[in-house]
Amino acid sequence: MSATFMGFGFGPIQAGLLLYEAIQSGGFDRFVVAEVDPRLVEAVRRAGNEVSINIAGRDGIRTRRLSRVELYNPGVAWDRSVLVDAIVEADELGTAVPSVNLYAAGGAASIAAMLADGCRKGRRQVIYTAENNNYAAEVLREKVQAAAPDHDLSDLQCLNTVVGKMSGVISSAEEMKRLGLAPLVPGFDRCVLVEEFNHILISRVTLPGFHRQIRVFEEKDDLLPFEEAKLYGHNAVHALLGYLARLRGYDVMSRIGNDERLMALGKQVFREESGAPLIRRHSGTGDPLFTEAGWAAYADDLLDRMVNPWLFDRVDRIIRDPARKLAWDDRLFGTMRVALEAGVRPTGLALGAAAAVEYAESQDGSREDARGWLSRTWGSSAEGDARDACLALVEEAAPRLEEWRA
């Protein structure tokens with residue numbers, strides 16, 4: 001019996017994780033991806049539906065060729081019909097687009113519209129939602145149902161994911177050549193570079209009798225504690241290190257590995273300002289992660305991966321879009337609030353937030369102090385004692401940035 005894997009978006013997480021693991025599973029004989037970049041679609045077709053990805057391990061980079069990868073542009077009528085037919089046939093699907101806001105974007109060419117046309121009662125299907133949003137699965141299901149209000153979607157299960165895999169796209173031919181990286185297809189101006197880590201968590205599959213082919217993903221009954229571990233642990237410390245790395249004059253994250261002071265701060269924040277509050281919050285799950293030893297191992301592993309010299313992770317990628325990362329519910333202030341609730345004073349995270357505000361102001365040309373910039377950015381989303389405490393911590397931290405400049 002033939003089996004199809006269907007993907008949406010052909011960025012590094014799709015190519016280097018979802019599609020790669022689908023191929024590795026050996027459980028599929030057809031691989032179809034919806035991609036809106038016509039130049040990329042055409043390039044893959046000219047290359048005979050074969051692409052290359054680069055995987056950074058602990059001791060070097062290896063290139064893997066992925067064959068039989070069919071790309072179609074949903075904005076082209078004929079391509080869209082092929083994509084809908086592939087959805088009808090698919091058992092496992094995966095979304096990996098920049099934002100959940102794109103699920104319903106594009107009218108008939110949208111992910112939601114195509115799923116509405118292809119998903120039917122009687123065909124059990126799961127969709128891995130790999131966008132960086134704790135409620136991506138719920139958002140996608142809502143958008144699909146809105147596109148087909150009369151359809152019974154009880155055999156379609158959208159799964160949330162916790163993707164702690166670092167990845168990126170390099171689009172400089174000079175840099176690709178210097179690093180010895182293979183482009184997606186010969187002669188193309190971009191390549192995918194991902195770390196080899198593939199311990200991905202997903203929601204529990206509840207469809208009766210459904211058995212996943214991509215078995216490497218681990219199911220959890222409740223993903224929220226692990227989503228918080230990623231956002232308030234991994235993402236928070238990564239951002240902290242990135243914004244301070246900018247002050248230190250570093251261009252790639254691997255240079256932090258030789259900065260004992262910065263690595264020590266990252267370790268301290270990971271364990272004390274992030275870990276201790278989250279262990280207290282989620283120890284009742286019984287999962288080993290939410291123990292002192294489990295969290296220490298998680299933190300040490302991530303810090304080691306963040307500075308992997310083979311990943312060539314650029315500081316400017318880590319610090320981009322500072323306004324989003326400084327949002328009231330995002331990685332820096334979200335984690336600071338969790339710490340404050342647990343009685344922990346997050347001075348290290350406040351230092352990272354102060355560095356992020358400075359960078360944001362350098363990008364948007366504003367000349368406000370941190371309190372004014374943050375108050376304007378947060379608007380009415382932040383209020384109460386937590387808001388005042390966070391602002392005070394950042395104001396206190398700002399003068400200390402001078403100690404970190406190169």
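The values are calculated or read from the model by the stated rules, or taken from the named source; none is laboratory data. Bear in mind the structure is a predicted one, so any value in this text is a computation, not a measurement. We place every Cβ from the backbone using ideal geometry, glycine too, and count neighbours over all the protein chains shown. When the accessible area is computed, the model is the full protein with side chains, heavy atoms only, and any ligands, DNA or RNA have been set aside. Shrake-Rupley method; radii C 1.70, N 1.55, O 1.52, S 1.80 Å.
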List every residue pair whose Cβ atoms lie under 9 Å apart, where the two residues are 6 or more positions apart in sequence or sit on different chains, the first residue falls within the range 153-166 and is of a type in the set (D, E, K, R), and the second residue, located anywhere, is part of a strand (DSSP E or B). Asp155/Gln125; Lys165/Val194; Lys165/Glu195
Which of the residues that make up the range 282-307 are of a type in the set (Ser, Thr, Tyr), out of contact with any Phe, Trp or Tyr (no Cβ under 7 Å at 6 or more places or on another chain) and farther than 19 Å from His238 by Cα? Thr285, Thr291
With the structure loaded, tell me whether Phe217 is surrounded by 19 or more Cβ atoms within 10 Å (Cβ to Cβ) and free of Cβ contacts under 8 Å to residues at least 60 places away in the same chain or whether it fails that test. no
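Touching a residue at least 24 places away in the same chain (Cβ under 8 Å), surrounded by fewer than 23 Cβ atoms within 10 Å (Cβ to Cβ) and on the phi < 0 side of the Ramachandran plot: is that true of Arg30 in this structure?
Details: touching a residue at least 24 places away in the same chain (Cβ under 8 Å): yes; surrounded by fewer than 23 Cβ atoms within 10 Å (Cβ to Cβ): yes; on the phi < 0 side of the Ramachandran plot: yes.
Spelling it out, Arg30 is indeed touching a residue at least 24 places away in the same chain (Cβ under 8 Å), surrounded by fewer than 23 Cβ atoms within 10 Å (Cβ to Cβ) and on the phi < 0 side of the Ramachandran plot.
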Limited to the range 101-115, what total is found for residues that are open to solvent by 50 Å² or more (accessible area, probe 1.4 Å) and polar (S, T, N, Q)? 1
I need every pair where a residue in the range 106-120 that is under 9 Å from Lys143 (Cβ atoms) has its Cβ under 8 Å from the Cβ of a residue that is of a type in the set (Phe, Trp, Tyr) and not in a helix (DSSP H, G or I), sequence separation at least 6 or different chains. Ser110/Tyr103; Ile111/Phe8; Ile111/Tyr103; Ala112/Tyr103
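Residue by residue through the range 189-200, note down the ones that are open to solvent by less than 20 Å² (accessible area, probe 1.4 Å) and not charged (D, E, K, R).
Cys191, Val192, Leu193, Val194, Ile200
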Please specify each residue of the range 121-158 satisfying the condition of being more than 20 Å from Glu89 (Cβ to Cβ), in a loop (DSSP other than H, G, I, E, B) and of a type in the set (A, V, I, L, M, F, W, C). Ala130
Can you tell me which residue is surrounded by the most Cβ atoms within 10 Å (Cβ to Cβ) among those in the range 255-307 that are closer than 21 Å to Ser167 by Cα and not hydrophobic (A, V, I, L, M, F, W, C)? Gly266
For the range 12-79, which strands (runs of 3 or more DSSP E) that fit wholly inside it have 1 or more residues that are among the basic types (Lys, Arg), under 24 Å from the mean Cα position of the chain (by Cα) and at pLDDT 95 or above? 61-66
Ser362, sole failed condition from (1) farther than 22 Å from Met253 by Cβ; (2) open to solvent by 10 Å² or more (accessible area, probe 1.4 Å): (1)
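For (1) touching a helix residue (DSSP H, G or I) at 6+ places or on another chain (Cβ under 8 Å); (2) under 15 Å from Met6 (Cα atoms), each residue gets a yes or a no:
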{"position": "Ala96", "(1), (2)": "yes, yes"}
{"position": "Arg120", "(1), (2)": "yes, no"}
{"position": "Glu138", "(1), (2)": "no, no"}
{"position": "Ala147", "(1), (2)": "yes, no"}
{"position": "His151", "(1), (2)": "yes, no"}
{"position": "Asp155", "(1), (2)": "no, no"}
{"position": "Cys158", "(1), (2)": "yes, yes"}
{"position": "Gly168", "(1), (2)": "yes, no"}
{"position": "Ser171", "(1), (2)": "no, no"}
Of the residues in the range 116-145 that are of a type in the set (S, T, N, Q) and within 22 Å of Gly75 (Cα to Cα), the one that is most open to solvent (accessible area, probe 1.4 Å) is Gln145
